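The values are calculated or read from the model by the stated rules, or taken from the named source; none is laboratory data. Predicted, not measured: the structure shown is a model, and the values here were computed from it. Virtual Cβ from ideal backbone geometry, glycine too; neighbours counted across all protein chains shown. For the accessible areas, the whole protein counts, side chains as well, though only heavy atoms, and no ligand, DNA or RNA atoms are used. Shrake-Rupley method; radii C 1.70, N 1.55, O 1.52, S 1.80 Å.
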Amino acid sequence: MAAKKAEQALVSRWRSILVLHARVQCELDRALHGHGLCGSDFEVLDVLAGSPDEDGRGSRGYRLQQISERVHLSQSALSRLVARLERDGLVARAMCPEDRRGVRVALTPQGRARHGEALPVQRAVLHRLLSG
């Protein structure tokens, strides 16, 4: 009986996490819409904004595989999202100089500006929904 109650509590906790995630994602999508982004767009831009800067001229970017390790999207969904961000002028794709089979994605100046505009909006939603 105690094992059954423990299992039910675990499932209940899991479902609460899912509800919170859905609520936060919905709020992020709504708030970021005014910046022409959805939550997943912002997450990719945010990851890229934190990539190493080796030449002092801005983000060097990450390989697609490195981005997929940091965002919760399938490889195909991430590829479609990056293609759309590239069409919108927010990211640029290039061959990896260290491995010609790989693709490196980096923010463009326009992408860095859009990220900077949307960052306080995203952080405000997180603060409002997840603090305390």
Requested in this report: Please report, as a whole percent, how much of the solvent-accessible surface of region 86-129 comes from carbon and sulfur atoms (probe radius 1.4 Å).
Outcome: 57
Query raised in the report: What GluC sites (Glu not before Pro) does region 46-132 have in DSSP loop regions with at most 13 other beta carbons within 10 Å?
Result: Glu54, Glu69, Glu98
Report summary line: Taking only the alpha-carbon positions of the chain as identical scatterers, the Debye log10 I(q)/I(0) at q = 0.20 Å⁻¹ comes out as -1.15
Report task. Mind telling me which of Gly50, Gly111, Gly61 comes out most flexible in a GNM of the chain, alpha-carbon contacts under 10 Å? Result -> Gly50
Report task. Can you check what the net charge comes to around Cys96, using other residues whose Cβ is under 13 Å from the Cβ of Cys96 (Lys, Arg +1; Asp, Glu -1)? Result -> +4
Query raised in the report: In square angstrom, what is the accessible area per residue of the chain with a 1.4 angstrom probe?
Result: 64
Query raised in the report: Near the amide H of Arg63, under 5 Å away, which other amide H atoms are found, from residues 5 or more places off or on another chain, if H is placed in the peptide plane?
Result: Val105
Report task. Express the relative contact order of region 67-132 as a whole percentage, based on alpha carbon pairs under 8 Å and six or more residues apart in sequence. Result -> 20
Report task. Would you mind calculating the relative contact order of the chain from Cα pairs under 8 angstrom and at least 6 residues apart, reporting the percent as a whole number? Result -> 25
Query raised in the report: Considering the zone a paramagnetic label at Gln25 would reach in this model (a point 7 Å from Cα along the Cα-to-Cβ line), which residues of region 74-102 have amide N under 20 Å from it?
Result: 74-85
Report summary line: region 1-74: relative contact order from alpha carbon pairs under 8 Å, six or more residues apart, as a whole percent, is 17
Query raised in the report: Looking only at trypsin sites (Lys or Arg not before Pro) in DSSP loops with at most 11 other Cβ atoms within 10 Å, what is the longest site-free stretch of the chain?
Result: 1-56
Report summary line: So, over other residues within a Cβ distance under 11 Å of Val71, counting Lys, Arg +1 and Asp, Glu -1, the net charge is -3
Requested in this report: Compute the signed sum of charges (Lys and Arg +1, Asp and Glu -1) over the other residues within less than 13 Å, Cβ to Cβ, of Cys38.
Outcome: -2
